[in-house]
Structure formats: C-alpha cells, structure tokens
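The values are calculated or read from the model by the stated rules, or taken from the named source; none is laboratory data. Keep in mind it's a predicted model, so treat the numbers as computed, not measured. A quick note on method: Cβ atoms are made from the backbone with ideal geometry, for glycine too, and the neighbour counts reach across all protein chains shown. Ligands, DNA and RNA are excluded from the accessible area calculation, which covers all protein heavy atoms including side chains. Shrake-Rupley method; radii C 1.70, N 1.55, O 1.52, S 1.80 Å.
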Amino acid sequence: MSATALPSTSNPPGIIDQALADRLAGIVGAKRVLYRPSELLTYTSDGLPSYHKQPGLAVFPGTRDEVVAVVRVLAERHVPFVPRGAGTGLSGGALADGLVLIGLNRLTRILSIDAENCRAVVEPGVVNVALSRAVAQYGLHYAPDPSSQAACTIGGNVAENAGGPHCLKYGVTTNHVVAITAVLPSGEIVELGDTEGEHEGYDLVGAFVGSEGCFGIALQVTVRLSRNAEAVRTLLADFMSLDSAARAVSGVVATGIVPAALEMIDQATIRAVESSIYAAGYPTDASAALLIELDGAAAGLEHDVATVESICKSSGARTVRIARDEAERARLWQGRKKAFGAMGRVSSHLVVQDAVVPRTRLPEVLERIHEIGERHRVRVCNVFHAGDGNLHPNIAYSAADADETARVHLAMREIMRACVDVGGTITGEHGVGLDKLEYMALIFSPDSLATMCALREVFDPERRANPGKVVPMHACREWTAAPAARVTSRGRA
Amino acid sequence: MTAVALPGVGALVDRVRDAAARRAALRVVGQGTWFDAGRPVLAQETISTRDLAGIIEYVPGDLTLTARAGTTLAEIVEATAAHGQWLALDPHGGDAGTLGATIATASSGPLATGFGTPRDLVLGLELVTGAGIVARGGGRVVKNVAGFDIARLLTGSWGSLGVITEVSVRLHARPAVDESIIVPLPAKSGAVERVRTLLRRIPFTPLACEVVNAALARALGAGAAPAAIVRLGGNREAVAAQRAAFDELGSVREIDVSVWQRLRTIESRDAIVFRLSALPARIESVWTSAAALEGEGALIHAAPARGIVRCVLRRSDGTTAAAASVLSSTSCSRIGERLPSELWAILPRPGADALSRRVKHAFDPAGVLNPGVIGELE
C-alpha cells in the first residue's frame, strides 16, 4: 500500500501507511482493516450515489474499547478520520476521501432497556428499527423513524439529528437523546448529559447531536423510548391540484390536531411508485396525495379523523380513503417509504434534495420548483414531510448524459435558493455533509460560521474528525480576526 | 430573514466588546427576575436586553414566532392567543419575564410534562458572543439541521456564552378543550408513585400533571389534602376519557385553569426554591427526601412523569438549615433556583467539567459574561 498524503490542516498531517494499518490491525485484527481499493469499494459512497471518494483505509472496531484504542492511535499520529454508521446518509457526510474511515456497524449491542422509565442505552451501531423491535414487547418504540430505518444506525441518527415522517408529532433525534458517552478525536472520553435526573449546565448533548461526526464518536447513547399509540388511523386523500393539497395541510395543522405524520406525494412520484413493486394503490391521475396518520388514545381519535377528512374534502380532495386494517395501512406507507427506491425504475440516477420552508409558503414554493424544473427540462418529483414544510424534491436522471446532469445540478441549486428566499433552510434532516457545503453561506453569515467552527474546535481542536464537512472553511471568517470586524451578519443569519 | 440591523444589537455589541477589552464582567439580564435569586454572578456592571423588545415575525399558519429577546412572555401570550395558539412554556415566576431569559435559563413549568422544555421548543436564535460577535444558530422553520446546534447550546447557558438577542420558537395550537382537574390523594407514602404509574400506563400524556403537598394545596386554594392537579387537552370526547382515567386515584373534580397561574406565582422573590430529580420510577423516594421539609412549611410539588420534585420555602435560618440538610444528604440531581449563598455552596457547580470550560472559553474568551453562573468560579 502506498503512502497517501492528506489534505493540509493547521497541524502536521498524519500519514496513512503500512505501519498505521499494522497498528490498527493489532487492535481490531487484520481482517477488520481494509486498504485495497477492491475492498474499499463499498465505502466510496453513502446513500447519495453522486459522490465517490475512496477512503485511504477502513477500520472496523468491534467493541467500545477498540473504538477508543483506534481513535487514540489516530490522535497520536494526527490522522484525520471519518466515522460511519450504515452509510445510508444522504449528504455525503460519511465519505472519507483518502482518510481513515471508522465503521461502527459492529457495535450493535442494546446495553440496557428500562421500560418503566422509557429509556434504553445502546451502542452506536444498533440499527434504528432493531431498537424499536427490541422494545416492542414493552409496548414502546424509538420515535425517530427515518425512511432508511431498516438499515440506518442510532449512531448515524445522532450524528445527523435524523428525523422521519413521524417527527412531526414526536420530534427529531435530539428530542429523544438524553445522554451520550463519546470519545473525542483526542481520545478523551466524555460523558454528556445526565442519564438520570435533570441536567444543568451547557447542553452538550444538544451540541453533539447533529454534529455530523465532526465532534467525535458516540460510544454509548441513552435514548428516550415512546409508548406505542393505543390506536392509529391512516388516511390517503387525493387532490387534483398541488395547491389544494397544500391548503389541506395548513387546514389540518390549524385545528390543533397534530398528526403523527402528514406526507405529500406528487403525481410524478405516485406514478413511479404505482408502476413499481411497491405499488400502494395511490390514484395515478391525482396531482397530489396526502398520507395522513393520526394516533394516540383511542377515545376521541375518530372525531379527529372525521375533522381531518372534512378539511381535506373542503380543500378539494377528490377521495379520502381510510385504511381499514394494518395490512392496508402498511401498504399505504410502503409506497411512501419506498418512493425513492421506486424512482430507480425511472432513470439510473437520483438526486434527492432536502430543504425546509415555512408551511404557509408551500404552495408558492411548489409552483416555483415546478417552473424551475420546466425551465431546465428536468423532471422534479416531490415526496415530502408536508406537515413541517420539509421538502424532498428529487430528480431522476442519467449520469451518462453530461448535459442532463449539468441541468439537474443547476435546477437543484435554484430550488435551494427558492427555499432560502422564503425564509427556509437548506436541510431539515439529511445534514450538510459535503453536498450542502456550498449552500451554508446562503443562510449563515461568516461570523455565524466562524462561531460554529469555534464550537467544533472545542471538541476537535485539530479538526481531524470528518474534516471538510458541514462548515465551508473558505466562507468562515477566522475566529481570532473576528473581534475587530464590523457587524455584518444582518440579512443572512 | 431580518433585513436590517437593530440599533439595539449594535449598541449591545459595542458594550460587550468594550467590556471584553477592559475584562470587566457583565451581568446579563432580561427583566432581572432571576438574577436576584442569589446566583453567584461576579459582576459589577449590568446589561439588559429589556429594550430589545417586540415580535419580529409571527405567521400563525406556520406555528412559529420570532421575537427580540426582551419581549415578555405576556406579549407572546397575548399575540398568540388571538389566533388560538400558545407558546407552551409556563416558567415559574409568571409571564413578566422575557423570552430571551426564559431560553437562556431553560426555564419551564408544569406544561413541560406535555410539551417538553425550552430545548424542545427553540428553533433558532441570534446572540452576541463574549467577543462581541453577532452569530446565529438554527433558523425560523420547524425542522432544521443546518450547521452545528448553537441554538440548543445557548439554551440553558444562563447568558454565559452569549447575550441572546432574538429567538425563534415553535408554537402549538391550543387544544379544543383545555380542562383542569384535581384529585385529592391520601396523605401517606406511595401516593406520588401511584400517580406516576398511572401516567405511565394510560394511553395519553396530559398537558400537565403536578402532585402538590397539603400545604401547597391550601396555598392554591385547592383543598387541604395532597392532590394531583392535571391539565387535559384534546377534543371533547378525548378529554372526557382522559378525565375518567384519573378516577382510580380518587374523587375527580374540575378546577379552574387559573390554578396553574397561581402555582407559577406562588413563591415570593426571596423564597428558597430548588428542584430534586431522578428517573421517574424513583419519584417516591425523591418526594420523601423533600417531604422532610414539610415541618418547615415547605410547599412541594412534583411532576411524576418527569421525575422532578420542586420545593419552595420561606427564608429563615431554620429553613435554610433544613434545606441544607436535604440538599447535602440526597444523591439525586439537585438544581437551585433561588437560594441563599450558603446553599449555593452545597450544590455541585454545573459546567465545571473540562469540556464545558472549553466551550465557555470559545464563546467568551475574556470571561466577561455572567462569570460564576456556570462553571468554576475563577
């Protein structure tokens, strides 16, 4: 294996060489250290296939102690690294371009379940849905449910502050994490939060969740579990215009009823789903469908269902279908959760965007997205968390067609700007990673970005953990130079 | 997005930079309601965000609101009530305090059982760091993972990392029916635990549920026995069923919703106030620790679902000594709200760990913002 020079940092760059591979093999075993290009192929992309970056080396510790030992060896040698869960991320956040990739998917133990207090302590590699399955016997579940929940890990969810359809009512990852034991890039082990009583002091759990692997590696995560709802009702309402569907969304929200989920699926997506193996029985001639789930105590739920149904109808819904049983409910959801998979039938490549706009601006933003797609001759599909204004415009295309690829990228950039222009943000749940770096300066001033850099350096002074992600360094005013600067942050955040 | 610089923020920046240059410590306050609570802040000069007031953006359909830090909770209550909405934060002390201070101190009240604490409701904020830098974290939309979570870090930082100048919060629509009930409980051990297990078992979370001791029930004009006071929300049918679920505790009767306002303002500014907490299943033992103060006339209430017990004592030598004995003998989490200095000295200092000290240094290199409130006294 040839030595790989690493991107320059303010510190002496670490070198990935045979000696390092041997040191790491001494900790985890030779089979758990990969460095041949053929072995590393799996790790050159995450869930966003438009990026390919080959790690210099990948190491797969199997225990907490091994993770710590690996991190300490890297610290000793100043080698940058990228933590990775299941690699389902959608922002290129887990790509390790010539760096050491630390795979945490072998740390899959659920360390404790405290059903009475609705808590569980898990290792970072525990798969999201595996936790919900393990606690189902107690009538509990883990609420954040990203669409990739069958594969993604709690550690990855913590890094990305992952959401999911049901976070409209139940909140995102940060609302469900109580405490974290983490190893910092220096090798220091820290306990964040309080596993028992109230926490006082800085909310370092809040800071760590969503730090996209830039602050260190979670070794152990204490999460809050949620009670399973006594009753669940799922509705599918279809509309002949996007606008009337968006009005129904606002109407439902205004009632005070908080649906467990409120998802919108546009016509292009409906057609892709219906012509795939995930066909869910969505009406293919509708301009949009809303998938609405209400849950909670059985008493009073039918009343809410009736209210929602009547709002949909008065907003122009053609039909409102209420799932009769669990099988029908699962089928309605499958179409939504597998929508991106179904796009695979349309074209070879798919770019999925993630932005949030104020709910009341949805109709105009959807209109604008449509116009942008037409102008660039690309087909934009929308399937998204309408209840919280979290859009996921996606475009299927062929990467072999250079002209089309260029148009796709132009369209995506304009869509992001359109979302920011109405007061939105550039990512609601996928994270910034590599993919959104260029958009950070649209919503944050250089001073805000510098402040984020300063926070990062508290955890990682050498900037070795997932370097080059989240904060675009060129846009980030140097922290030390800042006091003399003018107040320039207005208008941008 | 705001388009123009507030002159007020500019003045604040100048003030902080000047203080940082002189290394002169600043006491950062909103209305100043918490900083007369005996917290050990070592500062001679005070800056207030009181004049940075007013709602900047409120679109009811978005269920979000952005206001300058000095806006009082009362103003937000009034603006949102007109649209059948509320900011589901009811910190003790009432609505005279500012939004900025509520977020900075992560203060909550009974509604935390149903809606969580400020960290669950804050969407984004603007701050002036100790170096006089204006920065923002988060945004104004309900879901946002862009950049590191400066907004949550500042929530509960007690003004020691930055002066919060603007806050965006999530609102909730008020439930169709908002009803409060009271259930007298037997004055014997196990009563709080019974409420907790009921809450764990029933298929809904009430908006609020506090167990109050007999002295507090009397002070609230809510009878002479310990009681569970519960706030229920939802449609009529849901609330009726919720109410029925509490029948097993005792005889349920309706109580006017104003009881919550009385609970929030029950203590005087010179009272001794602190909280004890543990995992919810330990609530009975935490309650028992606090109940040692009943002989001193303590007003005690607990949020069983959250594992938190809160004690209010009239200040005297006797009550201070009794509180000292409780605070130094329990092993659960102990958080001071209003204490004489000798009691602050008993409590562990929050934020004394190395990482928190580094956070403080990164945001406030000259150490001028509320020194002493979090972290070791230098």
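Taking every alpha-carbon pair in chain B and binning the separations at 10 Å intervals from zero gives 5, 23, 31, 25, 13, 2, 0 percent.
Counting Cβ atoms of other protein chains within 10 Å of each residue's Cβ and taking the mean over peptide A:442-451 gives 6.
Given a 1.4 Å probe, how much area per residue of chain A is accessible, in Å²? I get 35 Å² per residue for chain A. Among the trypsin sites (Lys or Arg not before Pro) found in region B:261-309, those both in a DSSP coil and sparsely packed, with 12 or fewer other Cβ atoms within 10 Å of their Cβ, are B:ARG269.
With the contact rule set at Cα under 8 Å and sequence spacing of 6 or more, what percent relative contact order holds for chain B?
So the answer I get is 19 percent.
With only the Cα atoms considered, region A:347-437 has a convex hull volume of 87 Å³ per residue.
Would you mind getting me the FRET efficiency between B:ALA82 and B:SER258? Use the beta-carbon distance for r and R0 = 25 Å, nearest 0.05.
E(calc), rounded to 0.05, equals 0.80.
Karplus-derived 3J(HN,Hα) values for region B:153-167, using 6.51 cos²θ - 1.76 cosθ + 1.60 with θ = phi - 60°, are 4, 6, 5, x, 8, 6, x, 8, 10, x, 8, 6, 10, 7, 9 Hz; glycine and proline are entered as x. Cα centroid separation, region B:152-182 to region A:295-321: 30 Å.
Direction-averaged shadow area of the convex hull around the Cα atoms of region A:300-352, nm²?
The number I arrive at for region A:300-352 is 5.5 nm².
Proximity of backbone amide H atoms, modeled 1.01 Å from N, is registered between B:LEU26 and B:LEU369, B:ASN370 at under 5 Å, excluding neighbours fewer than 5 places apart on the same chain. Between B and A, roughly 6700 Å² of accessible area is buried in total, ligands, DNA and RNA not counted and the probe set to 1.4 Å. Considering only alpha-carbon pairs that sit under 8 angstrom and 6 or more positions apart, the relative contact order computed for chain A is 14 percent. Measure nothing fancy, just the Cα-based angle from helix A:18-28's long axis to the longest principal axis of chain A, in degrees from 0 to 90, nearest 10. Once rounded, one gets 60 degrees. Contact residues in region B:278-303 (at least 50 Å² less accessible area with all protein chains than alone, 1.4 Å probe): B:LEU279. In the full protein context, chain B carries 34 Å² of accessible surface per residue, based on a 1.4 Å probe and ignoring ligands, DNA and RNA. Using the Kirkwood radius over C-alpha pairs as Rh, can you work out the diffusion coefficient of the protein assembly as shown via Stokes-Einstein at 10 °C, viscosity 1.306 mPa s, in µm² per second? Calculated translational D: 57 µm²/s. The alpha-carbon positions of region A:28-164 define a convex hull whose volume is 114 Å³ per residue. For chain A, the longest principal axis of the C-alpha atoms and the axis of helix A:326-337 are separated by about 60°. The HN-Hα couplings worked out from phi for region B:98-110 by the Karplus form 6.51 cos²θ - 1.76 cosθ + 1.60 (θ = phi - 60°) are 9, 4, x, 5, 4, 6, 4, 9, 6, 7, 9, x, x Hz, whole numbers, x standing for Gly and Pro. Just to confirm the number: angle between the C-alpha axis of helix A:242-254 and the first principal axis of chain A, 0 to 90 degrees, nearest 10? Roughly 80 degrees, rounded to the nearest 10. Taking amide H positions as modeled 1.01 Å from N, with prolines and chain starts lacking one, the residues under 5 Å from A:GLY89 and 5 or more places away or on another chain are A:GLY47. Size of region B:177-263 from its Cα atoms: along the principal axes, largest to smallest, the extents are 33, 27, 17 Å.
Computed per residue of the protein assembly as shown from DSSP H runs no shorter than four, each worth -39500 (n - 2.57), the mean residue ellipticity at 222 nm is -9000 deg cm²/dmol. Relative to the 2.2 N^0.38 Å rule of thumb, region B:240-378 has a C-alpha radius of gyration ratio of 1.28.
Given a cut-off of under 8 Å on Cα pairs at least six residues apart, what relative contact order in percent is computed for region A:231-343? Please report the intermediate quantities before stating the final value.
Working: 189 pairs, mean separation 49.3, N = 113.
Contact order relative to length: 44 percent.
Spin-label pair B:GLU57-B:SER341: with each label point 7 Å from Cα along the Cα-Cβ axis, the two points sit 4.5 nm from one another.
Here the scattering of region A:18-104 is modelled by Debye summation over its C-alpha atoms, one equal scatterer each and no solvent; at q = 0.12 Å⁻¹ the log10 of I(q)/I(0) is -0.31. Restriction of the GluC sites (Glu not before Pro) in region B:137-226 to DSSP coil positions whose beta-carbon has at most 12 other beta-carbons within 10 angstrom yields no sites.
Note on exposure: A:ASP194, A:ASP388 ranked by accessible area (1.4 Å probe, complete protein assembly) read A:ASP194, A:ASP388, with the most exposed listed first. With all protein chains present, how much of the accessible area of region B:266-344 (probe radius 1.4 Å) comes from carbon and sulfur, to the nearest whole percent? The computed percentage sits at 48. Spacing of the modelled spin labels on B:ALA74 and A:ASP65, each 7 Å from Cα toward Cβ, amounts to 6.2 nm.
So if R0 is 56 Å, what FRET efficiency would B:GLU45 and A:ALA115 give, r being the distance between their Cβ atoms, rounded to the nearest 0.05?
That gives a FRET efficiency of 0.60.
Percent of Cα pairs in region B:9-173 per distance bin of 5 Å, from zero to the largest separation: 2, 9, 19, 23, 21, 14, 7, 3, 1, 0.
What is the percent carbon and sulfur in the accessible area of region A:231-343, measuring with a 1.4 Å probe over the protein chains and ignoring ligands?
C and S fraction of accessible area: 54 percent.
Averaged over the residues of peptide B:111-123, the number of Cβ atoms from other protein chains lying within 10 Å of each residue's Cβ is 1. When you work out D = kT/(6 pi eta Rh) for chain A at 4 °C and 1.567 mPa s, using the Kirkwood radius from C-alpha pairs as Rh and the Stokes-Einstein form, the result is 55 µm²/s.
With a Förster radius of 41 Å, plug the Cβ-Cβ distance of A:ILE189 and A:ASP285 into 1/(1 + (r/R0)^6) and report the FRET value to the nearest 0.05. Working from the Cβ atoms, E equals 0.10. Under 5 Å from the amide H of B:LEU123 lie the amide H atoms of B:SER168, B:VAL169, B:ARG170, each residue being 5 or more positions distant or on a separate chain, with H modelled from the backbone and absent for Pro and chain starts. For region A:80-94, 3J(HN,Hα) computed residue by residue from phi via the Karplus equation (6.51, -1.76, 1.60; θ = phi - 60°) reads x, 8, 10, x, 9, x, 9, x, 9, x, 10, 9, x, x, 9 Hz, glycine and proline entered as x.
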